[in-house]
Amino acid sequence: MFSRSTMLMAAIVAPAIAAATPSFAQDGGEVSIMHYFTGALGLEVLQEIFNEFQEKSGVAIKESPIGHEDFKSGILVRAAGHNLPDVFSYWAGARTQFVIDHDSLRPIDDMWAANGLDNVIAKSVADGATVYNGKHYLVPFNYHYAGMFYNTKVMADAGITEMPKTWDEFLAMCETLNSKGVTPIALGSKNRWPAQFWFDYLVLRTAGTEYRAKLMDGSASYNDPEVQKAMGLWKELVDKGYFVANANADDWTDAGDKVARGDAAMTLMGTWITGYWNGIDLKPEADYNFFEFPQITEGLPNAVVGPVDGFVISANAANPEGAEKFLNFVVSDTDIQTKWASSRGALSANTGIDPSIYTPVMQKAAKAVADADAFVFNYDLSTPPPVAEVGLSMFSRFMDDPSKVDAILDQAAEDAKKAFTE
């Protein structure tokens with residue numbers, strides 16, 4: 001069974017609202033799809049993709065979009081009740097593994113082989129995102145990269161022409177910005193998850209990928225010296241006034257707006273922020289750019305962080321054949337992948353995509369991923385959902401009162417241990 005906390009969370013989840021995507025009476029039956037692409041960045045384009053699939057395949061789509069945060073708990077409750085749609089969007093990593101471990105997903109190895117997806121999907125993405133317990137379960141729709149996105153003009157006005165590569169250079173840049181009256185860093189952690197990228201990179205840059213993997217699987221603890229060191233660096237940034245005040249009152253778009261207006265210089269966020277900024281008429285490079293999270297400890301692998309969004313098929317799918325057609329369509333059709341990546345501020349896992357479809361900033365992001373020693377899923381996709389709840393709450397409590405960091409870590413260590421054993 002799923003954890004009791006998951007069931008309780010879902011009790012307050014609003015019911016899904018059926019979308020207005022037209023239903024076609026066709027020969028391929030109907031496929032029900034639930035997804036979390038409900039914002040301006042994705043819903044309209046996704047419905048265009050659904051319509052195109054229906055016209056080409058003869059399979060009708062019954063769509064149910066659910067808000068991003070409600071989806072996280074709602075889909076687990078539906079899985080526990082064996083009431084999943086045929087297809088649903090999901091995040092690769094520990095969340096997918098969690099649902100597989102509860103016998104709620106259908107493997108897609110036959111479909112994968114029949115459509116030659118090994119020759120379609122980038123191996124670096126396929127190896128980590130699609131295979132669980134030795135079988136393929138997920139088809140990647142897109143992936144993202146988390147970097148330090150900044151306001152180009154703010155940096156130039158502050159006399160900053162070289163972006164930092166080391167932690168000392170980063171601290172010096174923050175001090176320069178502060179001296180110019182500009183808050184260096186915007187963070188909108190109202191929904192908790194935006195803060196995770198700070199934790200991810202600070203742990204990866206000080207303790208490395210192997211230690212982080214142990215923390216994610218429960219063989220390391222949140223009050224270990226490695227975590228204390230990473231959180232100490234984070235606390236130093238907050239104590240020096242480098243973060244905007246009251247970060248937990250803002251969401252990620254609020255933080256993005258502060259950077260866009262020049263109220264703050266930068267924000268650590270995924271590449272979807274480029275889609276948001278493009279939508280409010282900011283121009284890549286001229287108005288915004290990014291740099292990679294700086295190195296801290298020499299000799300550690302250069303790991304980059306991000307999520308992979310994909311689609312999976314439920315174990316009790318009423319129309320598995322139609323579901324498999326849909327999964328193959330969304331990843332194999334380069335026109336569909338181009339349309340989605342261009343509108344979403346996303347990177348495509350399809351190796352046939354022409355890189356020229358990306359903006360110069362997104363081309364730079366793709367290169368950062370390609371040049372990295374490791375690509376790891378962000379925090380709440382790297383550890384089981386009940387444990388992720390512990391960590392996300394820990395980040396929120398920390399941003400509320402960094403002075404209590406030691407007590408916060410001790411409590412997180414205790415809560416995570418319980419969550420791993422439940």
- Task: Would you order ARG261, ARG397 from fewest to most other beta-carbon atoms within 10 Å of each residue's own beta-carbon?
- Result: ARG261, ARG397
- Message: Output the 0 to 90 degree angle, nearest 10, between the alpha-carbon long axis of helix 320-332 and the longest principal axis computed from the alpha carbons of the chain.
- Response: 50 degrees
- Message: Going through the cross-link list LYS123/LYS214; LYS62/LYS364; LYS72/LYS404; LYS56/LYS135, which pairs have a Cα-Cα distance over 32 Å in this structure?
- Response: LYS62/LYS364
- Ordered by residue, what ³J(HN,Hα) values in Hz, to whole numbers, does segment 406-419 give under the Karplus form 6.51 cos²θ - 1.76 cosθ + 1.60, where θ = phi - 60° and Gly and Pro are x? 5, 5, 5, 5, 4, 5, 5, 4, 5, 5, 5, 4, 5, 5
- Message: Show me, for segment 293-310, the HN-Hα J-couplings you get by feeding each phi into the Karplus relation (A = 6.51, B = -1.76, C = 1.60, θ = phi - 60°), rounded to Hz, glycine and proline as x.
- Response: 4, x, 6, 10, 9, 5, x, 7, x, 7, 8, 10, 10, x, x, 10, 8, x
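For a test of the definition: using alpha carbon positions, the gyration tensor, and the 1.5 limit on a/c, classify segment 303-422 as rounded, prolate or oblate. Mind showing how you got there, number by number?
Values: a/c = 3.19, a/b = 1.54, b/c = 2.07.
It comes out oblate by the Cα gyration axes.
For the chain, what proportion of DSSP beta bridges, expressed in % and rounded to the nearest 5, is antiparallel? All intermediate terms of the calculation are to be shown ahead of the outcome.
On the way: 24 of 41 bridges.
Rounded to the nearest five, the antiparallel share is 60 percent.
Please get the size of the charge dipole for segment 272-338, origin at its Cα centre, with Cβ charges of +1 on Lys and Arg and -1 on Asp and Glu, quoted in debye to the nearest 20. Can you show the working numbers first?
Values: 2 positive and 10 negative charges, 30 e Å.
With only Lys, Arg, Asp and Glu charged at Cβ, the dipole is about 140 debye.
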- Query: Mean residue ellipticity at 222 nm from the helices of the chain, using -39,500 (n - 2.57) per DSSP H segment of n ≥ 4 over the full residue count, to the nearest 500 deg cm²/dmol?
  - Reply: -14500 deg cm²/dmol
- Query: What are the residues whose amide H is under 5 Å from the amide H of ALA264, where those residues sit 5 or more places off or on another chain and H is modelled from the backbone?
  - Reply: VAL259
- Kindly write out, for segment 248-255 in residue order, the coupling ³J(HN,Hα) from the Karplus curve 6.51 cos²θ - 1.76 cosθ + 1.60 (θ = phi - 60°), rounded to whole Hz, with x marking Gly and Pro. 6, 8, 10, 9, 5, 6, 4, 4
- Query: Given the C-alpha centroids of segment 257-298 and segment 101-167, what is the distance between them in whole angstrom?
  - Reply: 19 Å
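Which value, in debye to the nearest 20, gives the size of the charge dipole of the chain about its Cα centre, when Lys and Arg are +1 and Asp and Glu are -1 at the Cβ?
Details: 32 positive and 55 negative charges, 70 e Å.
That gives a dipole near 340 debye.
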- Query: Taking amide hydrogens as modeled 1.01 Å from N in the peptide plane, which residues meet the under 5 Å criterion relative to PHE290, leaving out close sequence neighbours?
  - Reply: TYR150
- Item | About the Cα centre, charge dipole magnitude for segment 185-240 (Lys/Arg +1, Asp/Glu -1 at Cβ), debye | 220 debye
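Read-outs: derived from the displayed coordinates by stated rules, not from any lab. No experiment lies behind these values; they were computed from the predicted model shown. Ideal geometry is used to build each Cβ from the backbone, glycine not excepted, and the neighbour counts take in all protein chains shown.
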